[in-house]
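To start, the structure under review is shown below, and the notes come after it.
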Amino acid sequence: MNDEVDHSRRRLLTAATVGTGVVGVAFAAVPFLASWNPSARAKALGAPVQVDASKLEAGQMLKVVWRGQPVFVVRRTKSIVEHLGDHDAMLADPSSDDSLQPDYIKGAARARNPEYWVGLAVCTHLGCSPLGAFDPNQAYQLAGTDLGQNWPGGFYCPCHGSKYDMSGRVFKSMPAPKNLTVPPYAFDGDAIILIGVDDAPKKA
Ligand code: FES
């Protein structure tokens, strides 16, 4: 993994996804989904979404839609992964005991593979979509807020100011009551992620 990120190229990537059936769609296709007949749409919204995260560089993320909800897929730098446990004392629920995630999502990394973090892009306060602010100790000014000198990298919700770390764990004394939710997902290969299932299909 290349840990040297060219920050000027950091950007939110809209995923080119391939889903089961027709579900692996990016945001732009959502209005189109709404025009389908209800049974096809309902079926599509419940299907898993396949994401090829192999093109993500360390420090980048993409966003896909699963069951009508935006989902972040973040590729974390090696340094970020190594320091995830350093700021537990600043977090409201560091062990995610009171937050939502599958049983197999444990520890500070909250991931099946620590390199990739997958979580709903839905603030647990009132549902806004947080912004990515991944560089530790950078002087971020997001939505008029200074994230502070000791910022460890994470997400910032511009609606009411909730802050989350790089595992979607909310900091203490924030409007948001819980960590960002981690949906069920599985790896089908090194960087192919199936969002919406606990296990990848068995190969024939
Ligand atoms: S919706 Fe995110 S802080 Fe209120």
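Glu57 contributes about 60 Å² of solvent-accessible surface, heavy atoms of the protein only, 1.4 Å probe.
Please state the equivalent ellipsoid semi-axes for region 165-204: what are the square roots of 5 times the Cα gyration tensor eigenvalues, largest first, in whole Å? Semi-axes (√(5λ), whole Å): 31, 10, 5. Summarising the amide proton neighbourhood of Trp66: residues at separation of 5 or more, or on other chains, whose placed amide H is nearer than 5 Å comprise Val71. Here the extension length gained between Ala89 and Ala204 equals 36.7 nm, from 0.36 nm per residue of separation less the Cα-Cα distance.
Counting only heavy atoms of the protein chains and using a 1.4 Å probe, Lys63 has close to 30 Å² of accessible surface. How would region 57-204 be classified by its alpha-carbon gyration tensor: rounded, prolate or oblate, with rounded meaning a/c under 1.5 and the a/b versus b/c comparison settling the rest? Prolate. Report the calculated FRET efficiency for Asp98 and Glu57 (r = Cβ-Cβ distance, R0 = 35 Å), to the nearest 0.05. According to the calculation, E is roughly 0.55.
The values are calculated or read from the model by the stated rules, or taken from the named source; none is laboratory data. These numbers were taken from a predicted model, which means no experiment stands behind them. Cβ sites come from the backbone with ideal geometry, for glycine too, and all protein chains shown count toward neighbours. Surface accessibility is based on the protein's heavy atoms, side chains included, excluding ligands, DNA and RNA. Shrake-Rupley method; radii C 1.70, N 1.55, O 1.52, S 1.80 Å.
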